[in-house]
1. Read phi for every residue in the stretch A:21-29 and hand back ³J(HN,Hα) as whole Hz from Karplus 6.51 cos²θ - 1.76 cosθ + 1.60, θ = phi - 60°, with x for Gly and Pro.
2. Please give, to one decimal in nm, the separation of the simple spin-label points placed at residue B:64 and residue A:172, each 7 Å out from Cα toward the Cβ.
3. Would you calculate the separation in nanometres between label points at residue A:73 and residue A:215, each defined as 7 Å from the Cα along the Cα-to-beta-carbon direction?
4. Using R₀ = 51 Å, calculate the FRET efficiency as 1/(1 + (r/R₀)^6) where r is the Cβ-Cβ separation of residue A:121 and residue A:258; round to 0.05.
5. Taking θ = phi - 60°, what integer Hz values does the Karplus form 6.51 cos²θ - 1.76 cosθ + 1.60 yield along the stretch B:33-39, in sequence order, with x for Gly and Pro?
6. Residues of the stretch A:352-382 with the amide nitrogen closer than 18 Å to a label point 7 Å from the Cα of residue A:228, along Cα-to-Cβ, please.
7. Counting other beta carbons within 10 Å of each residue's own, what order do A:80, A:19 fall into, fewest first?
8. Under 5 Å between amide hydrogens, which residues at least 5 positions from residue A:352 or on another chain qualify, with H placed 1.01 Å from N in the peptide plane?
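Just so you know, all these numbers are worked out from the coordinates, no wet-lab data involved. Predicted model only: the values in this text are computed from it and were never measured. Backbone-built Cβ (ideal geometry, glycine too); neighbour counts: all protein chains shown.
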Amino acid sequence: MIDEQLRDYARRTSSASRLRAEDVLVRARRSHRRRQVALSAFSALVLVAVVAVALRPSGARPPVPAITGAAPDGCSVRSLPLPAGITGGSVIAADPTGRYVLGVPFPNDDMAPAVTILWTDGTPRLLPTGFAGTAVNASGLVAGISGRLEARRAAVFRDGAVADLPAPTGAIMSEAVAVNARGEIAGTAYLPGTPDFSARAVVWPPGQGIPKLLQSGGKDTFAAGVADDGTVVGTIGTREHPYRWTAAGAGTALPLPSGYRGGEGQAVTGDWAVGSASTSRGGEDGKDELTAESVVVRWNLRTGALDHGMRIVPTSVSAAGALAGRVGRDEPGIWRDGTVVPLPMLTGGTRGAAATIVGDGHTVAGWSATASGLPAPVLWQGC
Amino acid sequence: MRAEQEHEYVEYVRARIPRLHHVAYLILGDGDRADDAVQNALTVLYRRWHRIADVSNLDAYVHTMVVRVCLADRRRPWSRVLLRDAAPDGPVAGGEGRVDERLLIRQALDRLPERQRVVVVLRFLCDLPVAEVAQLIGRSEGTVKSRTAYALAALRRAIPSTTWSAP
């Protein structure tokens, strides 16, 4: 029945590879040589996906929707320097002052232990191999994940060393995803459950003591961001509802636009949270998600006001409520006061995305393709 | 690597690219990402080529390598930034039966929770036995079976029954 139909789908689905055996050899050879030369443990596959990016035919993409604004005068882009031996990269996060920026090399070989780049005042360094940074605060405290896949643990990089965060009792995996000004870290812990495990949003207090579990009636809970006042924004269930917890741990569902029944909370800064709403209720069984429609939602946590439908895929929200992310098909942009503002790309680059918008609302970090097709980590200023 | 070994490698790779790409495409749903995954796996294969004679079933070995790279690719933070799906600004399907059935199935698969989607893709699209899927995702066979059951139930509900009539 349905399993047969899936097999039939697999047989009838075709996609032509653009790889040529000779090119595969050249890239493999080059990567092999690099690996032999390189002393550090970063990805041996740095060059691997480059050609695939460079060769992507621009005609294969649908037309880019109109962008309504223009970048302000004085808005500039510059690439962040990469550590020796790394030729491409992207930004993951930055602190609210823009002093500390976290990134990853490109391509990031997931068969190898994680590699994270930390820029301090524009100077890059590699963090200890095996630690994947996810967020950084203005004191330079980096939250992240040690280990991979089923063996991952929430961890921090502080004072030059990586340390695991204490796991909640019984947790089999954990991850840290956000850190605020006072050093509280939000993340998710996975506990044994039915049928496999249950997820619980958690907050580690400053100093990384025993974490507090954020509950919602026994459902799975996931943290996405933590504001400076300790408010955590995240999701309950599998995309079932965007949610917030106060610093005291009291939880409430974030409102959805009329006609929408599910969604996710994705980031929070100050009074503002951003996420998505879907006409599907979400849920583990994925019921009704097939024909669902989803929109971007921004909440003002202080006033309870909500707006939605912004034409950007946001990754971050500023203290003034501006959104940074990807606009059109694959271009960096910010959404501010109802207008999408495109961000300039590096010379020759045609793709990119903003990863994070810092405190002043006019400094943004992300990536831009370069003329060679490689993504470069970049900082936009005055935008 | 010696020239004749490189020649063997190229000939081996040439013959397998379409099949490996197919597997990667089924898991990732994107041709470019599939090519990246195949290249990554074949790069590792290159490094190990000189001692590959020790491998009893080379095709199965390389197949597993590609699947592992794909599973890792799905989880990396990079994919959030670079490869996220199109802006969530519209429904994926009309209700008028004009939607390509394959698109419908792809979207239904994409909307399954990750842990369920992976087992369905590996079990039915890549046609791997339960034991092998369990090993690949580091879970028990019982877990693979229960996730499969949940996922198939969700797919049955999510896809209109008319879609399932014989082509």
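1. Rounded to whole hertz, the list is 4, 5, 5, 4, 4, 4, 5, 5, 4.
2. Label at residue B:64, label at residue A:172, 2.2 nm between them.
3. Spacing of the two 7 Å Cα→Cβ label points: 5.9 nm.
4. Efficiency, rounded to the nearest 0.05: 0.65.
5. 5, 4, 4, 4, 5, 5, 4
6. It comes to A:357-364, nothing else.
7. A:80, A:19
8. It is A:331, A:369, by chain and number.
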